[in-house]
Amino acid sequence: MPELPEVESLRRILARTAVGRTIVHARIGAKSLRRRVPIDFSASIAGRRITKLSRRAKYLIVEFDGDDVLLVHLGMSGSLTHRRADFRVGEFDARHDHLEFSLDDDSRLVYNDPRRFGMVRLIARATLASTAELKGLGPEPLSREFNAAYLASKARGRQVAIKNLLMDQRIVAGIGNIYAAEILFRAGVRPTRRAGRVTRAEIEKIAASTPLILRAAIGRAGTTFRSYRDSRGEPGRFAERLRVYGREGKPCYTCSTPIRNVVVGGRASFYCPKCQR
Ligand SMILES: [Zn+2]
């Protein structure tokens, strides 16, 4: 599932190529996503110019001139690709292409999602912050609001595993299973530790590791898993930098101890039993 680095990478690419373009025509696929795209969608979006691409947590926000914005969540397997006019491979495929915007330079912005857990929603800009999807989200992990003091205040007295605390979108927005594992490895803290028992010094390490891991992943366009591809169709290059995620039984790069995998909160959780306490 795409996490913050994948969505942020996508935002940066689209910001370079799609901003300033006007939507000439919108085409909707036959099958519905998690939330059905309304019938009048095409009419309400034609003629709009894309003015900005922004992001909140794992949501991409396509801003138009006028009062509406498009809220996009890639779900498990969604991708939003900007296909140039000369890119003739991958014509509209009604099975998996759910949405296609034809732009005024003959390029196309296509939302494809084989597993259909994604979401595309046109909403009024004024109600964006209070919409069900974004309301109640914690601070962005790359913002100043997210720091050791904040994390310590949220961890205090909590029985929940520290990894689950990091993945709780109400505590901090945008971190999922891959990056929670990598952050905790860098901080030297086991994913199973109860949040309330993690020391202040360790909380400081987690808070400091979070932006380092996320920025490194953004710099390499995220991690490739299943069908995730960035907007140019390139796989992310962070996979080769993963220290623990997906490496069960393989030697730790730091100490050569085999990486372990335990289930925490129903999710596979990778860690080094020697480097992480
Ligand atoms: Zn190790």
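The values are calculated or read from the model by the stated rules, or taken from the named source; none is laboratory data. What you see is a predicted model, and the numbers here were worked out from it, not measured in a lab. Every residue, glycine as well, gets a Cβ built from its backbone with ideal geometry; the counts of neighbours run over all protein chains shown. Each accessible area value is taken on the protein alone, full model and side chains, heavy atoms only, with ligands, DNA and RNA left out. Shrake-Rupley method; radii C 1.70, N 1.55, O 1.52, S 1.80 Å.
Miscellaneous remarks
- Comparing ARG16, ARG190, ARG48 in a Gaussian network model of the chain, where Cα atoms under 10 Å apart are tied by springs, the biggest mean-square fluctuation is seen for ARG16.
- Helix-only arithmetic for the chain: the sum of -39500 (n - 2.57) across DSSP H runs with n ≥ 4, divided by the residue total, places the mean residue ellipticity at 222 nm at -7000 deg cm²/dmol.
- 23 Å Cα-Cα reach of LYS205 towards lysines, excluding residues that sit fewer than 8 places from it in its own chain: LYS154, LYS163, LYS274
- To the nearest ten degrees, helix 200-219 and the longest principal axis of the Cα atoms of the chain are 30 degrees apart.
- Counting charges near TYR179 (Lys, Arg +1; Asp, Glu -1) among other residues having Cβ under 12 Å from its Cβ returns a value of +2.
- Using every pair of separate Cα atoms, the Kirkwood estimate puts the hydrodynamic radius of the chain at 19.7 angstrom.
- Average accessible surface area per residue within region 110-177, 1.4 Å rolling probe, Å²: 45
- Total formal charge among the other residues, if their Cβ is under 14 angstrom from that of PRO258, Lys/Arg +1 and Asp/Glu -1: +4
- Solvent exposure of THR51, expressed as accessible area, is near 50 Å², computed with a probe of 1.4 Å over the protein chains only.
- Listed residues ASP67, ASP105 arranged by accessible area, highest first, probe 1.4 Å: ASP67, ASP105
- Separation in nanometres of the label points that stand 7 Å from Cα toward Cβ, at ALA15 and ALA201: 3.8
- Rolling a 1.4 Å probe over the protein chains gives SER256 an accessible area of about 80 Å².
- C-alpha long axis of helix 177-187 to longest principal axis of the chain, angle in °: 40
- Note on exposure: THR81, THR127 ranked by accessible area (1.4 Å probe, complete protein assembly) read THR127, THR81, with the most exposed listed first.
- Over all other residues within a Cβ to Cβ distance under 9 Å of ASP105, the charged ones net out to 0, with Lys and Arg as +1 and Asp and Glu as -1.
- Trypsin sites (Lys or Arg not before Pro) restricted to region 148-189 and DSSP loop, no more than 14 other C-beta within 10 Å: ARG156, ARG170
- Accessible carbon and sulfur surface of the chain relative to its total accessible area, %, 1.4 Å: 49
- Once exposed loop GluC sites (Glu not before Pro) are cut out (DSSP; at most 11 other Cβ, 10 Å), longest piece of the chain: 146-277
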